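Peer 1: Have a look at this one.
The values are calculated or read from the model by the stated rules, or taken from the named source; none is laboratory data. Since we're looking at a predicted model, the values are computed, not measured. Glycine also receives a Cβ, built like all others from the backbone with ideal geometry; neighbour counts cover every protein chain displayed.
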Amino acid sequence: MVRHRFRVEEVEALGALHPELRLELLDGEVYEMAPPSSEHAGLLDWLLFVLGPRVAGLAQLRVQSPLRLSEESLLLPDLLLLKPREDFYTQAHPGPEDVLLLVEVSLSTEAWDREKKLPLYARAGLPEVWLLTREGLEVHREPREDRFHRRFRIAKGEKIAPLLLPQAAFLFQPPL
């Protein structure tokens with residue numbers, strides 16, 4: 001069996017040839033992502049509705065757009081809060097240093113997000129990652145090496161704020 005490793009530039013070229021594909025590159029391996037379910041899309045819309053007004057002028061919101069973690073990892077997280085940039089990241093995809101918060105809606109992908117993506121996010125030094133699961137909101141902070149050393153769950157009805165944007169606090173009341 002021959003295994004091929006890929007780099008970001010190769011996956012971007014493939015994406016240009018086949019824009020209908022939703023491709024992610026994780027540690028040199030390419031994965032095609034399934035389209036989001038209506039439940040997934042609805043929860044993402046709810047997050048935008050709740051966070052959008054609270055972060056206006058403080059952060060740039062991105063949805064299912066590329067995040068370049070390294071030369072061998074280009075992911076499509078569900079939601080990113082990024083440091084504002086005048087060019088709105090038109091000159092280059094954001095990198096780990098640009099991320100204020102990353103959110104994955106993990107309804108059907110919880111094991112994948114936990115086992116494959118979280119270690120990459122921790123290794124890249126992202127300050128905070130949220131996994132929105134059926135059980136609630138799981139918050140991951142304090143990245144070191146391949147894992148986050150602080151993890152806690154927010155239940156429905158509790159208040160939460162991004163670590164780097166405390167003024168964006170909101171009541172966690174997802175429409176599920």
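Peer 1: Out of the residues in segment 62-81 that are of a type in the set (S, T, N, Q) and closer than 15 Å to E97 by Cα, which is surrounded by the fewest Cβ atoms within 10 Å (Cβ to Cβ)?
Peer 2: S70
Peer 1: Give me a count of the residues in segment 19-52 that are in a strand (DSSP E or B) and among the hydroxyl-bearing types (S, T, Y). Spell out the reasoning first.
Peer 2: First, the residues of segment 19-52 that are in a strand (DSSP E or B): 23-26, 29-32.
The next check asks that each one be among the hydroxyl-bearing types (S, T, Y); those that pass are 31.
Qualifying residue count, segment 19-52: 1.
Peer 1: Now for a different question. Give me the pairs, please: first residue somewhere in segment 39-61 and more than 13 Å from V103 (Cα to Cα), second residue anywhere and among the basic types (K, R), beta-carbon distance under 8 Å, and either six or more positions apart or on two chains.
Peer 2: Cβ pairs passing all conditions: A59/K83; Q60/K83; Q60/R85.
Peer 1: In a strand (DSSP E or B), within 12 Å of the chain's Cα centre (by Cα) and farther than 17 Å from Q173 by Cβ: does that describe E142? Break it down stepwise before answering.
Peer 2: Working: in a strand (DSSP E or B): yes; within 12 Å of the chain's Cα centre (by Cα): no; farther than 17 Å from Q173 by Cβ: yes.
No; evaluated as a whole, the condition is false for this residue.
Peer 1: Could you say whether any residue in segment 77-95 is touching a residue at least 60 places away in the same chain (Cβ under 8 Å) and out of contact with any Leu (no Cβ under 7 Å at 6 or more places or on another chain)?
Peer 2: So far as segment 77-95 goes, no, none of its residues is touching a residue at least 60 places away in the same chain (Cβ under 8 Å) and out of contact with any Leu (no Cβ under 7 Å at 6 or more places or on another chain).
Peer 1: Which ones in segment 93-146 are out of contact with any strand residue (DSSP E or B) (no Cβ under 7 Å at 6 or more places or on another chain), more than 15 Å from D78 (Cβ to Cβ) and buried (at least 19 other Cβ atoms within 10 Å of the Cβ)?
Peer 2: P143, the sole residue that qualifies.
Peer 1: Considering only segment 145-168, how many residues are in contact (Cβ under 8 Å) with a residue 24 or more places away in the chain and either among the acidic types (D, E) or not in a strand (DSSP E or B) (or both)?
Peer 2: Residues flagged as in contact (Cβ under 8 Å) with a residue 24 or more places away in the chain and either among the acidic types (D, E) or not in a strand (DSSP E or B) (or both) within segment 145-168 amount to 7.
Peer 1: Testing V8 on (1) surrounded by 15 or more Cβ atoms within 10 Å (Cβ to Cβ); (2) more than 30 Å from F170 (Cβ to Cβ); (3) out of contact with any strand residue (DSSP E or B) (no Cβ under 6 Å at 6 or more places or on another chain); (4) among the aliphatic types (A, V, I, L, M), one condition comes back false. Which one is that?
Peer 2: V8 satisfies every listed condition except (3).
Peer 1: Is it the case that some residue within segment 76-87 is under 24 Å from K156 (Cβ atoms), at pLDDT 95 or above and of a type outside the set (A, V, I, L, M)?
Peer 2: Yes.
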